[in-house]
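FYI, it's all coordinate maths here, none of it is from the lab. The shown structure was predicted, so the numbers you read here are calculated from the model rather than taken from an experiment. Note that we place each Cβ from the backbone using ideal geometry, even for glycine, and neighbour counts take in every protein chain shown.
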Amino acid sequence: MPGLHSTNGVETHNGHNSLKTTNRPDEWKIEQGLSGAVLPVLDMTGTETKALPPQVFGDLTKDKEAIKAVGDRNQLFTRERKGWIGFVEWENYPEKKAAAHKILTAQTFPPNPEFQLGPIPATNPVLPGTHWKMWHHAVGGELTQIPEDSWDIVLEEKHPDMLHLLQFPYNGEPPKRLVTDKVITPNPLHFVRNHGGIPIIDKEDYSFTLDGLVKTPRTFTLDDLMDEAKFPRVEKLVTMQCSGTRRIEQILLYPGQGDEVPQAPWAEGAIGTAHYVGVSLKKVIKACGGLIDGGEHLEFYGADTYFKDDKVMNYLVSVPWSKVKANEVLLCWEMNGQQLPKIHGYPLRVVVLGYIGARSVKWLYRIKAIKNPSRAPVQSQEYLYFPQQVGKHNLKMTDGIQIQEMPVSSAIMSPWTKQVIIHNGKIRCKGWAYSGGGRWPERVELSMDGGFNWYTVPLQNLSEKRKWCWRTWQYELPCDVEGWVEIVVRCWDNSLNTQPPDVRTAWNWGLHVTSSCHRISVYSVNKTRSATKARLDQFEKKGIPFGPITVPLAFPSQTWEEYETFWAKNDPRDARE
Ligand code: MTE
């Protein structure tokens with residue numbers, strides 16, 4: 001097998017005995033697929049299999065002259081509006097975009113960190129977002145301070161126990177024990193999914209424009225929207241879910257597209273429920289005289305800066321007019337009885353009921369009525385659901401379904417996979433269930449044998465049924481057996497949709513929409529069994545900690561007397577002729 005020996009026949013000396021070997025010290029680990037990132041690629045297109053040399057990233061380069069020729073970055077990329085710290089408007093200024101592109105292509109940046117084929121770092125923040133910080137600093141001007149400012153806002157507004165998947169742009173989720181602790185997620189614990197820095201906007205200086213294919217383009221302040229004589233107030237309890245929720249299960253099965261921002265390694269916490277206050281966008285469009293000339297979609301502009309392929313842009317996505325017309329798109333300024341936190345879009349964000357979170361644009365500065373769905377990359381390149389056999393080298397954007405409504409899904413928040421559970425015949429489980437598009441969980445079922453037999457969670461153990469909302473649940477799952485068991489959850493929504501049985505069934509290159517049944521493996525120690533109870537009592541009597549399940553038992557499981565008594569009463573091991 002060619003390729004494993006990066007030492008190329010050079011002798012390496014392992015251990016004290018100076019063993020002469022051409023193996024790498026981590027040969028066994030690599031052979032077992034535990035270090036996929038260093039595995040050479042095999043080229044089998046010729047008559048002989050060739051191992052391709054590993055990719056080498058050269059030193060970082062910077063063409064200082066070319067960068068200087070672009071001009072004064074503080075003037076080029078200046079603050080767009082008074083009271084809008086960190087806001088550079090790109091979409092109206094192609095020449096500004098071109099200048100930033102020149103700066104970004106006149107230098108090189110470190111490659112993405114490897115977090116899918118290699119081990120995920122054991123740190124919090126898990127990934128730092130080094131090159132995203134570098135891009136902001138490289139463009140400079142109003143963007144220079146954003147990475148630092150944004151992290152300060154995280155520390156100010158989020159719960160200290162948040163799990164920071166990515167420091168910048170900030171992506172964080174609550175730990176499992178807090179995800180479903182409350183049916184309404186407290187603001188400091190609501191997950192955050194950012195593609196850029198956090199603009200810091202003064203409410204007094206805030207306004208947004210509604211233009212494009214509307215009869216009378218207009219600008220609205222927050223006071224305009226809050227005037228109940230003009231716009232009836234709308235209050236809604238809404239679950240927001242990112243289409244990357246539970247992505248880690250797809251990554252652990254097969255790595256996919258590995259850009260750390262679009263593909264942040266979310267667990268089950270990229271979902272949260274909040275009470276929003278705002279107005280229906282339909283009424284605001286009406287105040288502009290309605291749509292004209294085939295206006296079919298509404299494109300939302302967020303004031304943050306997004307980087308893609310050495311280009312800069314604002315955060316743009318769209319929703320169809322039909323969704324707006326149904327009063328299912330809100331412009332909101334309040335979250336759980338408080339003004340919108342800065343990190344969640346202060347002063348005004350879009351909340352699209354029943355769609356993936358990506359369409360609920362934060363720090364809204366413009367709405368444009370357009371003919372076709374947004375061509376901006378977040379919508380047309382990133383939030384796409386590819387068929388399984390379409391990957392890095394053959395994907396076309398048009399192969400992907402634009403992800404809009406999330407399918408029904410659910411997750412177990414307690415216990416955790418690999419956990420040892422001592423119980424009296426029932427394992428206490430809890431979690432969430434949700435369905436997009438205004439459908440709701442009707443039935444939640446749990447299995448403890450990998451999905452053969454299912455127990456229905458009684459309705460009284462589910463939180464209230466509401467359109468646009470998840471249901472949290474808890475259940476004492478009967479478990480008669482001992483040893484490793486596989487607990488599985490699945491949900492049926494009100495349209496009788498349910499979840500694919502396993503991750504492989506719905507794995508996709510973009511690692512989106514992990515809606516398969518959530519499976520965890522736990523070790524059952526069943527105290528209703530007399531032998532187990534006796535053994536546990538011994539642990540207690542001897543003061544021995546119950547310890548990891550893999551540690552050998554510290555005392556014999558049977559006395560020799562018991563052993564002899566058994567064989568005296570029973571046939572010997574081998575059969576007589
Ligand atoms: N709006 C802007 N302006 N920038 C963003 O990066 N992220 C979107 C959406 N709105 C995003 C945005 C995504 S992908 C999600 S899932 C939701 O915001 C998350 O909302 P939250 O951070 O308030 O939980």
Options SER280, LEU353, GLY36, ranked by Cα towards positive dipole end of the chain, top entry (Cβ charges): SER280
The stretch 127-268 - charge dipole about Cα centre, Lys and Arg +1 at Cβ, Asp and Glu -1, debye rounded to 20: 640
Sites VAL390 and ARG79, calculated FRET efficiency, Cβ-Cβ separation with R0 41 Å, nearest 0.05: 0.45
Theoretical gain in end-to-end length, LEU52 to THR108 [0.36 nm per residue, Cα-Cα removed]: 17.8 nm
Cross-link partners of LYS215 among lysines (Cα-Cα below 24 Å; sequence separation of 8 or more within a chain): LYS230, LYS282, LYS283, LYS286, LYS323, LYS325, LYS368, LYS371
Whole-number Å³ per residue for the convex hull built on Cα positions in the stretch 333-400: 129
Helical contribution to [θ] at 222 nm, DSSP H n ≥ 4, -39,500 (n - 2.57), averaged over the chain, rounded to 500: -4500 deg cm²/dmol
Percent of Cα-Cα distances greater than 39 Å, calculated over the chain: 39
Calculated from backbone phi, Karplus (6.51, -1.76, 1.60) coupling profile of the stretch 178-190 in Hz, x at Gly/Pro: 10, 4, 10, 4, 10, 5, 9, 6, x, 3, x, 9, 5
Gyration tensor (Cα) of the stretch 259-302, equivalent ellipsoid semi-axes in angstrom: 33, 18, 8
Extension gain, LEU252 back to LYS371 (0.36 nm per residue minus Cα-Cα distance, nm): 38.8 nm
Euclidean distance between Cα centres, the stretch 31-68 to the stretch 81-159, Å: 26
Share, in percent, of DSSP beta bridges within the chain that are antiparallel, nearest 5: 90
Built amide H within the under 5 Å cut-off of LEU477, gap 5+: ILE427, ARG428, CYS429
Calculated FRET efficiency for the pair LYS542/GLU405, C-beta based, R₀ 60 Å, to 0.05: 0.60
Where N is the number of residues in the stretch 435-489, Cα Rg divided by 2.2 N^0.38 Å: 1.29
Shape call, the stretch 262-385: gyration tensor on alpha carbons, a/c limit 1.5: oblate
Total charge dipole magnitude, the chain, about the Cα centre, Cβ charges on Lys, Arg, Asp, Glu only, Debye to nearest 20: 1240
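Is the stretch 423-515 rounded, prolate or oblate when judged by the Cα gyration tensor, a ≥ b ≥ c being the square roots of its eigenvalues, rounded requiring a/c under 1.5 and prolate requiring a/b larger than b/c?
Oblate shape, in that a/c is at least 1.5 and b/c is the bigger or equal ratio.
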Cα centroid of the stretch 230-278 to Cα centroid of the stretch 430-501, whole Å: 20
Extension gain (nm, one decimal) between ALA568 and GLN32, 0.36 nm per residue minus Cα-Cα: 188.3 nm
Exceeding the 32 Å Cα-Cα cut-off - candidates LYS158/LYS430; LYS133/LYS158; LYS182/LYS533; LYS68/LYS308: LYS182/LYS533
Cα shape, the stretch 407-450, gyration tensor, a/c 1.5 rule: prolate
Leading residue at positive end of dipole, the stretch 474-558 (Cβ point charges), from VAL485, TRP509, VAL525: VAL525
Theoretical FRET efficiency, 1/(1+(r/R0)^6), r = Cβ-Cβ of SER557 and ALA69, R0 51 Å, to 0.05: 0.05
Candidate lysines for bridging to LYS50, where Cα separation is under 30 Å - those fewer than 8 sequence places away on the same chain excluded: LYS20, LYS29, LYS392, LYS396
Under-5 Å amide H pairs with ARG443, H placed in peptide plane, nonlocal only: TRP492
Amide hydrogen neighbours beyond the local backbone of GLN419, cut-off 5 Å, H modeled: TYR523
